Amino acid sequence: MANEPTIVLVHGAFADAASWAPVTRRLLDKGRAVLVPGVPNRSLIGDSEYIRAFVEQIDGPVLLVGHSYGGAVIRGGSPTPTSRRTWCTRRSRAAEPSRAPTCR
């Protein structure tokens, strides 16, 4: 899809990249470009830098999606949205079942 962002899914602290498998499959089935890096879970600053460096290697627009701790990581790696990067965070459905993701 022309001009569609690459979607980067960032997992939470007590998970790994496989936790995004159902979402990844649905997005891939729709023809979307999806990347799911593993977060080292060393420190918020270090993990944010790791994701920032990962995203900087991607050509074109990027949509960062973080779950739980992953939301903090992507905000640290991209503290303000840019013309090239947008980020969304999602809290647990158990905590807030009716709340939509927050995107900037």
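The values are calculated or read from the model by the stated rules, or taken from the named source; none is laboratory data. Treat the numbers as computed from the prediction; the structure is a model and nothing was measured. Using ideal geometry, Cβ is built from the backbone for each residue, glycine included, and neighbour counts are taken over all protein chains shown.
Taking region 1-53 on its own, how many of its residues are hydrophobic (A, V, I, L, M, F, W, C) and part of a helix (DSSP H, G or I)? Working first, answer last.
Filtering region 1-53 for residues hydrophobic (A, V, I, L, M, F, W, C) gives 1-2, 7-10, 13-15, 17-18, 20-21, 23, 27-28, 33-36, 39, 44-45, 51, 53.
Within this subset, residues satisfying the condition of being part of a helix (DSSP H, G or I) are 17-18, 20-21, 23, 27-28, 44-45, 51, 53.
Residues flagged as hydrophobic (A, V, I, L, M, F, W, C) and part of a helix (DSSP H, G or I) within region 1-53 amount to 11.
Hey, can you tell me all the residues within region 57-69 that are crowded, with 18+ Cβ neighbours inside 10 Å and under 16 Å from VAL34 (Cα atoms)?
VAL62, LEU63, LEU64, VAL65, GLY66, HIS67
Out of all the residues in region 1-56, which are crowded, with 18+ Cβ neighbours inside 10 Å and of a type in the set (S, T, N, Q)?
THR24, SER48
Has region 69-86 got at least one residue that is of a type in the set (S, T, N, Q) and at pLDDT 85 or above? Walk me through it before giving the result.
First, pick out the residues of region 69-86 that are of a type in the set (S, T, N, Q): 78, 80, 82-83, 86.
Imposing the further condition that a residue be at pLDDT 85 or above reduces the set to none.
Scanning region 69-86 turns up no residue that is of a type in the set (S, T, N, Q) and at pLDDT 85 or above.
I want to confirm something. Restricting to region 55-70 and keeping residues that are among the small types (Gly, Ala, Ser) and closer than 21 Å to ILE45 by Cβ, which single residue is farthest from the chain's Cα centre (by Cα)? Full working, then the answer.
Let us first name the residues in region 55-70 that are among the small types (Gly, Ala, Ser), namely 60, 66, 68, 70.
This time we only want the ones that are closer than 21 Å to ILE45 by Cβ, so: 66, 68, 70.
Details: GLY66: 4, SER68: 10, GLY70: 7 Å.
So the residue we want is SER68.
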